[in-house]
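S.K.: The structure that follows is given in the form of structure tokens.
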């Protein structure tokens, strides 16, 4: 399990890399500011995990506001068989402070 910095994520996005990027914040937070990730609020993740089933052996990047909820999502996915889940360190707070 390894995390990803906002700098690395931004670099990969700017390079046009196709990423499996998910936002586990609430809809209002996503509406206020987002970086194009697929929104699956943390509370909905257990019932929507099937939407991610084909990504179990691929890199999945999870972000939230600060990195706490996405850390919980990371652990949940790994406990459910996902092998490469990366948490965005510092979340959107760090992203917005830099970019």
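FYI, it's all coordinate maths here, none of it is from the lab. If you're wondering where the values come from, they're calculated on a predicted model, not measured in any experiment. Here Cβ is always computed from backbone atoms with ideal geometry, including for glycine, and neighbour counts include all displayed protein chains.
S.K.: Give me the angle, in degrees from 0 to 90, between the Cα long axis of helix 68-79 and the longest principal axis of the Cα atoms of the chain, rounded to the nearest 10.
M.R.: 30
S.K.: Once the piece of chain linking residue 47 and residue 83 is laid out straight, how much longer is it, given 0.36 nm per residue of separation minus the C-alpha distance between them?
M.R.: Extra length from residue 47 to residue 83 when fully extended: 11.0 nm.
S.K.: Taking only DSSP H segments of four or more residues, each worth -39500 (n - 2.57), what value at 222 nm results for the chain once the sum is divided by all its residues, to the nearest 500 deg cm²/dmol?
M.R.: -10500 deg cm²/dmol
S.K.: Here's something else I'd like to know. Note down the nm distance, to one decimal, between modelled labels 7 Å out along Cα→Cβ at residue 11 and at residue 34.
M.R.: 2.7
S.K.: Work out, in µm²/s and without decimals, the Stokes-Einstein translational diffusion coefficient of the chain at 37 °C, 0.692 mPa s, Rh from Kirkwood over C-alpha pairs.
M.R.: 247
S.K.: If you don't mind, there's one more thing I want to ask. By per-residue mean of other Cβ atoms within 10 Å, what is the highest-first order of 61-73, 80-92?
M.R.: In descending order of packing, they fall as 61-73, 80-92.
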